[in-house]
1. In nm, to one decimal, how far is the residue 152 label point from the residue 101 one, both placed 7 Å along Cα→Cβ?
2. Mind checking which of 17, 42, 6 is farthest towards the positive end of segment 3-44's charge dipole, using Cβ charges of +1 (Lys, Arg) and -1 (Asp, Glu) about the Cα centre?
3. Where only protein heavy atoms count, and the probe is 1.4 Å, what is the accessible area per residue for the chain in Å²?
4. So what are the ³J(HN,Hα) numbers for segment 154-171, from phi and the Karplus equation (6.51, -1.76, 1.60; θ = phi - 60°), rounded to whole Hz, Gly and Pro as x?
5. From zero outward in steps of 10 Å, how is the percent of C-alpha pairs of segment 1-134 spread across the bins?
6. At a 1.4 Å probe radius, carbon and sulfur cover how many percent of the accessible area of segment 1-151?
7. Find how much the distance from residue 55 to residue 129 grows on full extension, using 0.36 nm per residue of separation minus their present alpha carbon separation; answer in nm with one decimal.
8. Of the listed peptides 46-52, 6-12, 21-27, 76-82, what is their order by residue-averaged count of other C-beta atoms within 10 Å, with the highest listed first?
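The values are calculated or read from the model by the stated rules, or taken from the named source; none is laboratory data. Remember, it's a predicted structure, so these values are computed and weren't measured experimentally. Neighbour counts are summed over all protein chains in view; Cβ atoms, including those assigned to glycine, are modelled from backbone coordinates with ideal geometry. Each accessible area value is taken on the protein alone, full model and side chains, heavy atoms only, with ligands, DNA and RNA left out. Shrake-Rupley method; radii C 1.70, N 1.55, O 1.52, S 1.80 Å.
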Amino acid sequence: MPESTQQDAIALLKQDHRTVEELFAQFEKASGEGRKQKLAEQICLELSVHATIEEEIFYPACEGKIEEDLLKEAYVEHDGAKVLIAEIQSGDGQTDEFFDAKVKVLQEQIEHHVEEEEKRLEGMFSQARKAGLDMEALGQQLAQRKAELLETYKSTGIPTPQLTTMDATPA
Ligand SMILES: [Fe+2]
Ligand SMILES: [Fe+2]
């Protein structure tokens with residue numbers, strides 16, 4: 001890929017956010033179980049890949065460079081979303097009367113999470129930019145890992161999300 005078309009880390013992550021927002025908007029307008037099921041699958045795929053590349057690459061790079069609380073909350077918010085993603089992946093509108101509600105609540109949680117990442121001045125991305133992270137290099141790593149994961153998930157299916165900060169249900 002020529003240098004000029006490569007995205008820096010923040011541009012890539014923001015573009016993922018826009019993609020998922022668009023899919024949620026389509027889900028809201030969609031009628032017909034087949035169409036909704038397809039959109040829900042796409043949402044789960046996009047979010048699973050996005051959360052994984054953030055947790056493997058971007059968040060660790062932020063460690064020690066941005067507000068610690070903000071970073072910790074981001075991991076917990078991801079886990080909250082993963083619980084819903086796993087639920088949505090394993091059901092559909094026919095078998096789960098809460099299916100649409102789960103997609104809606106996931107959308108609301110993601111909106112909040114994206115706001116925390118993108119907020120001007122004190123958001124995670126602004127803090128990371130100010131801390132001088134190498135966004136070009138990170139962008140390259142994110143893009144490469146994203147491509148790998150997309151390929152894997154498309155051939156083997158999306159794995160059940162692994163929680164980072166909590167047990168599914170505490171003993
Ligand atoms: Fe994100
Ligand atoms: Fe995130």
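1. 3.4 nm
2. 42
3. Result: 56 Å² of accessible area for each residue.
4. 6, 8, 10, x, 7, x, 4, x, 8, 7, 9, 10, 7, 7, 3, 9, x, 5
5. Once binned at 10 Å, the Cα pair distances of segment 1-134 give 11, 42, 29, 15, 3.
6. Numbers: 3940 of 7930 Å².
Its accessible area is 50 percent carbon and sulfur atoms.
7. Values: separation 74, 0.36 × 74 = 26.64 nm, distance 1.74 nm.
Length gained, residue 55 through residue 129: 24.9 nm.
8. Numbers: 46-52: 21.6, 6-12: 18.1, 21-27: 16.0, 76-82: 19.7.
Result, highest mean first: 46-52, 76-82, 6-12, 21-27.
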